[in-house]
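A short worksheet on the structure shown next.
The values are calculated or read from the model by the stated rules, or taken from the named source; none is laboratory data. Here the structure is a predicted model, which means the values were calculated and not measured. Neighbour counts run over all protein chains shown; Cβ positions are idealised from the backbone, glycine included. Remember, those area values only see protein heavy atoms, side chains included, never the ligands or the DNA or RNA. Shrake-Rupley method; radii C 1.70, N 1.55, O 1.52, S 1.80 Å.
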Amino acid sequence: MEAKTKDLWVLVETQEDGSAKNVGLELLTPGRELADQQGGSLVAVVIGSGVDAAVAAAGAYGADKVLVVDGKEYADYNTDAYTYALCTLIEKYGPTTLLIGATNNGRDLGPRVSCRLQSGLTADCTGLSIDPENGNMVWTRPAFGGNLMANIECPERRPQIGTVRPGVFKKSEPQEGRQGEVIREDVSFPIENIRTKILEIIKNEGEAAVDLEGAEIIVSGGRGVGGPEGFEPIRALAEVLGATVGSSRAAVDAGWISHAHQVGQTGKTVAPKLYIACGISGAIQHLAGMSGSDCIVAINKDPEAPIFEVADYGIVGNLFDVLPIFTEEVRKLKA
C-alpha cells in the first residue's frame, strides 16, 4: 500500500495493569526526531483493555497523537485480534513508518502485519536514521552473526516497518501535564475468532526479578568466572551496589547462569548508568548489547581483551582478587 501521510507510528505495548511497557516509551525518543525529519506527526498506537495509563504516558513522552483501541478482546495479547486492529488502523490512516519493540509480542506481531500489508520488515534493529537522498528509513541491524552491521532500506512499500530491541534507546524525560491528541477507534474483533487463548501464566522462580533493561547498574560475568560458583563474588558486588546481575552468552551456554541474565545480541540490550564487566573478553555480540552504557568498567586479566577498547575504566587483574576488594571498598563508602 501507499502512504497517506508522513506520520511515524510507535506501537506502545501495555502491561497487565494497563501501563506502558518501557520499550514503547523508549522508541518515542528517536521517533520524535525521525518524525520531524519526515515532516509528519509522531503517533503512538495503544491497543489493549483499560489502557488509560499507557495513553497518558505516550502523551507525556512526546506523542503528538495517540490512537487507542480499547476492548475486552485485547486484554491479553493474541496474534489474531492485534494484527487485525493494527492493520485496520494502518489502512485507514496510512503512516509511512511503524516502529515496534522487539519483545516476544512485537516479534510475533511485526511479521504478521508486514505480511498482511505486503510491506517490508527489518527485525532487531539497533540504529535508525533517514536517508537524506530519498527520505527512506535506514534500519541498522547486526548481520552475519554480529560480525558486521547492515543498513537496510525498504523503498517501494509502505509503511516501512522495523522492530527495535528494548534498551537500544533511552526514554526522554516525561513532560508533566503534556497530552497528545487522543483518538479512540472502535475496532472490534469477535472473541470466538481468536484461535489461541492463555490458560495459565507460569513465572520462573528466581528470574522474575531479573530486570536488565530497567537496571541502572549491572554487574556481569563471562567465561572468565570459570563456573557457576564464579558468580558468587559478582552477586556480592551487585548486592552492595543495588545492581542487577548480568552475563555473557558464554556463561549462559555453559549452564552457569540462566538466559534471563544474558546481555548481548542474543540476550538483552541494556543501557545502564554503570556496567561492570567481569571476565568478559568483549566479543562484538556482547558489545552490541551493552555499548550504550553511560560508564563501563572492565575487569580482565588479559590486557589485550577487546572489552578494554570500549571501557571507560579498565582493571587488569584476576576478578577473584579484584572483586572482594572492590566490594569491601563500596561497603566502606556506603557506611
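For this structure, a couple of remarks:
- Identity of the residue in region 286-331, of a type in the set (Ser, Thr, Tyr) and assigned to a loop (DSSP other than H, G, I, E, B), that ends up modelled with the lowest pLDDT: Ser291
- Put simply, of Val51, Val66, Val43, Val55 the only residue that is of a type in the set (Val, Ile, Thr) and under 12 Å from Thr97 (Cα atoms) is Val43.
- Once region 37-73 is narrowed to residues that are free of Cβ contacts under 8 Å to residues at least 40 places away in the same chain and more than 21 Å from the chain's Cα centre (by Cα), the residue that is surrounded by the fewest Cβ atoms within 10 Å (Cβ to Cβ) is Gly39.
- The test for being surrounded by fewer than 17 Cβ atoms within 10 Å (Cβ to Cβ) and acidic (Asp, Glu) holds for Asp17.
- Positions within region 83-102 being surrounded by fewer than 22 Cβ atoms within 10 Å (Cβ to Cβ) and among the polar types (S, T, N, Q), in sequence order: Thr83, Thr88
- Qualifying residue in region 144-159 (condition: part of a strand (DSSP E or B) and open to solvent by less than 30 Å² (accessible area, probe 1.4 Å)): yes
- Selection count where residues are closer than 19 Å to Leu98 by Cα, touching a Ser or Thr at 6+ places or on another chain (Cβ under 6 Å) and not polar (S, T, N, Q), scope region 142-182: 10
- Flag for Thr122 being part of a helix (DSSP H, G or I) and either among the polar types (S, T, N, Q) or over 28 Å from Thr269 (Cβ atoms) (or both): no
- The set of residues in region 104-121 being at pLDDT 90 or above, in contact with a helix residue (DSSP H, G or I) (Cβ under 9 Å, 6 or more places away or on another chain) and crowded, with 19+ Cβ neighbours inside 10 Å consists of Gly106, Leu109, Val113, Leu117, Leu121.
- Hey, Lys334 surrounded by fewer than 23 Cβ atoms within 10 Å (Cβ to Cβ) and either touching a Gly at 6+ places or on another chain (Cβ under 7 Å) or at pLDDT 90 or above (or both) or not: no
- Matching residues in region 1-14 - criterion: being surrounded by 16 or more Cβ atoms within 10 Å (Cβ to Cβ) and more than 11 Å from Thr97 (Cβ to Cβ): Leu11, Val12, Glu13, Thr14
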